[in-house]
Amino acid sequence: MLKRITNIESFIRSNVPFVPEIGIILGTGLGGFADIIENKTEIDYSDIPDFPVSTVEGHAGKLIFGTISGKKVIAMKGRFHYYEGYSTQEVTIPVRVMSRLGVKYLFVSNAAGGVNPGFNVGDLMVITDHINLIPNPLIGKNLDEFGVRFPSMNEAYDKELVLKADNISEGFGLKLRYGCYVGTTGPSLETPKEYRYFNAIGADAVGMSTTPEVIVAVHCGMKVFGTSVITNSGLSDQPSTHEEIQGEGAKAQKKMIKLFSEILQRI
Ligand code: HPA
């Protein structure tokens, strides 16, 4: 694992003319965010030695380096999922590479099913906590150079960044929801009872990503900000479909773009 991380880091250092400060992971249907990155250098995942390769529809598979609001960023257009057959250690390789490159903030986004009865499709939820039901990526020998054996997850999502989001939402009349994201393995969507169960245990939205990356980012000492686009309702009578999830993600991404770029300006 360390060897792969080192190889990827060296490849990036020799192909990208600057060192990023902020990492961004773009989820299903949210890749349009890449359009606001300026002075871009793009690298296909398939051109990076030892990088995992994404297979799922709707994930282009590129690292994009550039600037947003004057900040140097590295964005992943397309992420890796446990359900694709990768271990969570592999899923989180890019986060560790970002850490090696000096990234101190990680912005994550995902598409999620709403399980809070007050949420609507198209809402943007700021993640304030999570419940991880995907194998923990820190299982195995601790990589001491990144962080400690038992990292606290008490404030996995940085409170100051949530506060910034709150201020921005007031200033721009951008309606935000706040809540807990539960990360599940997928790839099957939930049964009606499973959606209700997730709400009963304290979740507001459910998805198949994010928690492994956030755990590793926190282990590395990064400050994390995350949002979920509510693409479907787990509580509706209609079954959720993958097509619906992708379409709604694309529609709500405008809000997410505004929020991320405004927060980046304030870091
Ligand atoms: N369940 C799990 N993952 C998801 C969903 C869902 O309803 N919507 C988007 N990602």
* To do: For Glu170 paired with Val148, estimate the spin-label separation in nm (one decimal), with each label point 7 Å from Cα along the Cα-to-Cβ line.
  => 3.4
* Please go through the residue pairs Lys3/Lys141; Lys77/Lys164; Lys62/Lys254; Lys104/Lys223; Lys62/Lys104 and name each one whose alpha carbons sit more than 18 Å apart in this structure. => Lys77/Lys164; Lys62/Lys254; Lys62/Lys104
* Asked: What list of ³J(HN,Hα) values in whole Hz, one per residue of segment 6-15 in order, does the Karplus curve 6.51 cos²θ - 1.76 cosθ + 1.60 (θ = phi - 60°) give from phi, with Gly and Pro shown as x?
  -> 5, 5, 5, 4, 4, 4, 5, 4, 8, 10
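What shape does segment 48-185 take by its C-alpha gyration tensor, where a ≥ b ≥ c are the square roots of the eigenvalues and a/c under 1.5 counts as rounded, a/b above b/c as prolate, and the rest as oblate?
Numbers: a/c = 1.43, a/b = 1.34, b/c = 1.06.
Here segment 48-185 falls in the rounded category.
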* Asked: Taking the Cα atoms only, what angle lies between the long axis of helix 159-172 and the longest principal axis of the chain, rounded to 10 degrees?
  -> 60
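Would you calculate a helix-derived [θ] at 222 nm for the chain, using -39,500 (n - 2.57) for each DSSP H run of n ≥ 4 and dividing by the full residue count, to the nearest 500? Don't skip to the end; give the middle numbers.
Details: 7 runs with 83 residues, N = 267.
Counting only the DSSP helices, I get -9500 deg cm²/dmol.
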* Tilt relative to the chain, helix 242-265 - C-alpha long axis, 0 to 90 degrees, to 10 -> 60
* Work out the length of the dipole vector of the chain about its Cα centre, built from +1 on the beta-carbon of each Lys and Arg and -1 on the beta-carbon of each Asp and Glu, and round it to the nearest 20 debye. => 580
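Which whole-number percent gives the relative contact order of the chain, counting Cα pairs below 8 Å spaced six or more residues apart?
Taking the mean separation of contacting Cα pairs over the length of the chain, I get 26 percent.
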* With θ set to phi - 60° and the Karplus curve 6.51 cos²θ - 1.76 cosθ + 1.60, what are the ³J(HN,Hα) couplings of segment 142-148 in order, to the nearest whole Hz, using x for Gly and Pro? -> 5, 8, 4, 5, 9, x, 7
* Among the aspartates and glutamates, which have Cα under 12 Å from the Cα of Lys255 when same-chain residues fewer than 8 positions away are ignored? -> Asp123
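Can you bin segment 1-80 into rounded, prolate or oblate? Criterion: square roots of the alpha carbon gyration tensor eigenvalues sorted a ≥ b ≥ c, rounded for a/c under 1.5, prolate for a/b above b/c, oblate for the rest.
Numbers: a/c = 2.03, a/b = 1.08, b/c = 1.87.
Oblate, because a/c is 1.5 or more while a/b does not exceed b/c.
Taken together, the values in this text are just the output of simple stated rules run on the coordinates, not laboratory data. Remember, it's a predicted structure, so these values are computed and weren't measured experimentally. In this analysis, Cβ positions are derived from the backbone assuming ideal geometry, glycine residues included, and neighbour counts consider all displayed protein chains.
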